[in-house]
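A.B. asks: One structure follows; several queries about it will come next.
Read the figures in this text as sums done on the coordinates, not as results from a lab. Just so it is clear, the model here is predicted, and its values are computed rather than measured. We place every Cβ from the backbone using ideal geometry, glycine too, and count neighbours over all the protein chains shown.
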Amino acid sequence: MEGDSVTLNSGLPEIVEGDQIQWWFGHKSSLIAEINQQADDITVNNQFRHKQDNQTGSLTITNTTTEDAGRYKLQINSVSKSFSLTVNARLPVPVISRDCSSSSSSSSSSCSLVCSVVNVSHVTLSWYKGNSLLSSISVSDLSISLSLPLEVEYQDKNSYSCVLNNPISNQTTHLDISQLCQLSALVGVATVILLVYDIRSRRAVLMGPHALPPILF
């Protein structure tokens, strides 16, 4: 994960006299660390956040970022081997909100929701009903925003959750239907009541002060 530390092991129990150890990074093969031991003289050249163990030649990368991901090459005298490092960004928490754009097409007994995340890559966004997967969407290379819709009944008592995950971690947000849907339904009822009252009030103005019938709710 981003922010963690990782050690690339040289495989040597210890460096002996005459060993030359070099670490290279990236497609352009930039030299990032080197140990030359000649007659007990050790020279270490470390760059960035890389630390080389003077006893074994292993390379430690601290406070990793996505820029540290890539190919590393270890050269021990005439022998070389490669490492491939993947660094996953820390995942944001999915946000569940009412999908107002779908409200006109939804039935009076259902509630349209959407789960969203921004600036993500190499992740999957999913809706779950209990432990059962309902739907999912994935993104690979690009850092983009994702959203996944869900429609539920106002009186639905099932447990729903939206999960964002990559190969090594996940973030989960649980749906509170009573908060997002039933509150919206009450607001809708109140809006209708106010609209009816406004229409009757306008009629009363046109017809005179004694023409407004009593309104019972």
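A.B. asks: Once you sort the root eigenvalues of the Cα gyration tensor of the range 59-172 as a ≥ b ≥ c, which label holds: rounded (a/c under 1.5), prolate (a/b larger than b/c) or oblate (the other case)? Provide the component values of the computation, followed by the final result.
C.D. replies: Working: a/c = 4.11, a/b = 3.21, b/c = 1.28.
It comes out prolate by the Cα gyration axes.
A.B. asks: Here's something else I'd like to know. Among 63-75, 134-146, how do they line up from the highest to the lowest mean number of other beta-carbon atoms within 10 Å?
C.D. replies: Numbers: 63-75: 15.0, 134-146: 11.8.
Going by the mean number of other Cβ atoms within 10 Å, highest first, we get 63-75, 134-146.
A.B. asks: When N is the residue count of the range 6-85, what does its C-alpha Rg come to as a fraction of 2.2 N^0.38 Å? Write down the numbers at each step before the final one.
C.D. replies: Numbers: Rg = 12.0 Å, N = 80, 2.2 N^0.38 = 11.6 Å.
Ratio of Cα Rg to 2.2 N^0.38 Å: 1.03.
A.B. asks: Then there's this: For LEU113, what charge total do you get from the other residues with a beta carbon under 12 Å from its beta carbon, if Lys and Arg give +1 and Asp and Glu give -1?
C.D. replies: On the way: positive: ARG98; negative: ASP99, GLU151, GLU153, ASP156, ASP176.
Result for the local shell: -4.
A.B. asks: Let me ask something additional. Relative contact order for the range 95-177: what is it in percent, counting Cα pairs under 8 Å that are at least 6 residues apart?
C.D. replies: Values: 167 pairs, mean separation 25.2, N = 83.
Once divided by the residue count of the range 95-177, the mean separation gives 30 percent.
A.B. asks: Going toward the positive end of the dipole of the range 6-85, with +1 on Lys and Arg Cβ and -1 on Asp and Glu Cβ, which of VAL16, ASN36, VAL6 do you reach last?
C.D. replies: Of the options given, the answer is VAL6.
A.B. asks: Follow-up. Run through the range 92-177 and list the chymotrypsin sites (Phe, Trp or Tyr not before Pro) located in a DSSP loop whose Cβ has at most 16 other Cβ atoms within 10 Å.
C.D. replies: Details: sites: TRP127, TYR128, TYR154, TYR160; in loops: TYR154.
Counting only loop positions with at most 16 other Cβ atoms within 10 Å, the chymotrypsin sites (Phe, Trp or Tyr not before Pro) in the range 92-177 are TYR154.
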